[in-house]
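Trainee: This is the structure I have questions about; it appears just below.
The values are calculated or read from the model by the stated rules, or taken from the named source; none is laboratory data. Keep in mind that what you see is a predicted model, and the values were worked out from it rather than measured. Using ideal geometry, Cβ is built from the backbone for each residue, glycine included, and neighbour counts are taken over all protein chains shown. Quick note on the areas: whole protein, heavy atoms, side chains included, nothing else; ligands and nucleic acids left out. Shrake-Rupley method; radii C 1.70, N 1.55, O 1.52, S 1.80 Å.
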Amino acid sequence: MKAMILAAGRGLRMRPLTDACPKPLLKVRGRPLIVWHILNLVRAGITEIVINHAYMGEAIERELGDGGKYGARIVYSPETVALETAGGIANALHLLGDAPFLVLSADIYCPYFDFAQVTDVLVDEDMWGQPYPPEKRDACWIYLTPNPFHNLEGDFALTMYQVANHGEQKWNFSNIGVYRPEMFKAIRPGTHARLGALIRQYADLGQVGGEIYEGDWVNVGTVAQLEELNAPLGARKAQS
């Protein structure tokens, strides 16, 4: 399985830090955010990685290189202007191939997420070995978390591993998911499109699976959050 790390965002809320450093290279406990992902992916046996970038992309390429020092093989999908999440994926489809692939955001911190669990979540056959028709199989599988302070209402409901747009209880989308490339083929490369809206379209069709991840997970969106993650353990407040 290949993985794509979304790293094209400007990180305006992280200014002034991001005036001189792209957000994916900001450090948590001595290691750039994006490097936490790369090392965890390699540990899980996922070594082919695509990274898109726009703002200060040359700094990202200079820091990570071809990925060899991490045991990975990294290729890049540069964008003149950031194409949003689904737009960035569509623009990189030629690098991702025809099989399902993993996508995650560079600016989340989830140091203990086991990426080995994602490799077989999308299935093509039922338990008797009969192929699912395309309109009946999951187009993607996403990971949800308990709702953080910045998204108390949540994004998606979940019932028996099926994701829905509406429900009594909603969970936060973690920005980690596995996708079939067919989801993005209607998006013309170079155009802007958001992943959340695309997932909602497929959820309405009953073609989104998912599960809850309750381990450490932080969407690093402010300087204060970054400072708190880097504070001595005894001085840290609970992150949610």
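Trainee: Kindly establish whether Ile176 is β-branched (Val, Ile, Thr), in contact (Cβ under 8 Å) with a residue 24 or more places away in the chain and either under 29 Å from Arg15 (Cα atoms) or in a helix (DSSP H, G or I) (or both).
Mentor: Yes; evaluated as a whole, the condition is true for this residue.
Trainee: The conditions are (1) at pLDDT below 95; (2) aliphatic (A, V, I, L, M); (3) open to solvent by less than 50 Å² (accessible area, probe 1.4 Å), and Leu195 fails exactly one of them. Which is it?
Mentor: Leu195 satisfies every listed condition except (1).
Trainee: Exactly one condition in (1) out of contact with any strand residue (DSSP E or B) (no Cβ under 9 Å at 6 or more places or on another chain); (2) without any contact (Cβ under 8 Å) to a residue 12 or more places away in the chain; (3) closer than 23 Å to Leu102 by Cα is not met by Pro32; state its number.
Mentor: It is condition (2) that Pro32 fails.
Trainee: Answer yes or no: is there a residue in the stretch 149-162 that is part of a strand (DSSP E or B), within 18 Å of the chain's Cα centre (by Cα) and more than 22 Å from Met1 (Cβ to Cβ).
Mentor: Yes: the stretch 149-162 contains one or more residues that are part of a strand (DSSP E or B), within 18 Å of the chain's Cα centre (by Cα) and more than 22 Å from Met1 (Cβ to Cβ).
Trainee: Can you pull out the residues in the stretch 143-187 that are within 19 Å of Pro100 (Cα to Cα) and open to solvent by 60 Å² or more (accessible area, probe 1.4 Å)?
Mentor: If the condition is that a residue be within 19 Å of Pro100 (Cα to Cα) and open to solvent by 60 Å² or more (accessible area, probe 1.4 Å), then Tyr161, Gln162, Glu182, Lys185, Ala186 are the ones that fit.
Trainee: Right, another one. Would you please list the contacts, defined by Cβ atoms under 8 Å and residues six or more apart or on different chains, that run from a residue in the stretch 143-169 that is over 20 Å from Gly215 (Cα atoms) and free of Cβ contacts under 8 Å to residues at least 12 places away in the same chain to a residue that is in a strand (DSSP E or B) and of a type in the set (S, T, N, Q)?
Mentor: Pairs that qualify, where the first residue is over 20 Å from Gly215 (Cα atoms) and free of Cβ contacts under 8 Å to residues at least 12 places away in the same chain and the partner is in a strand (DSSP E or B) and of a type in the set (S, T, N, Q), are Gly167/Thr159.
Trainee: Touching a residue at least 24 places away in the same chain (Cβ under 8 Å) and either open to solvent by less than 50 Å² (accessible area, probe 1.4 Å) or over 17 Å from the mean Cα position of the chain (by Cα) (or both), is that true of Asp98?
Mentor: Taking the combined requirement at face value, the residue satisfies it.
Trainee: Kindly check whether there is at least one residue in the stretch 140-160 that is of a type in the set (A, V, I, L, M, F, W, C) and at positive phi.
Mentor: Yes, that holds for at least one residue.
Trainee: Turning to a different aspect of this structure: Being in contact (Cβ under 8 Å) with a residue 40 or more places away in the chain, among the aliphatic types (A, V, I, L, M) and closer than 27 Å to Pro22 by Cα narrows it down to one residue among Ala193, Ala231, Ala224, Ala203; which is it?
Mentor: Of the residues listed, the single one that is in contact (Cβ under 8 Å) with a residue 40 or more places away in the chain, among the aliphatic types (A, V, I, L, M) and closer than 27 Å to Pro22 by Cα is Ala193.
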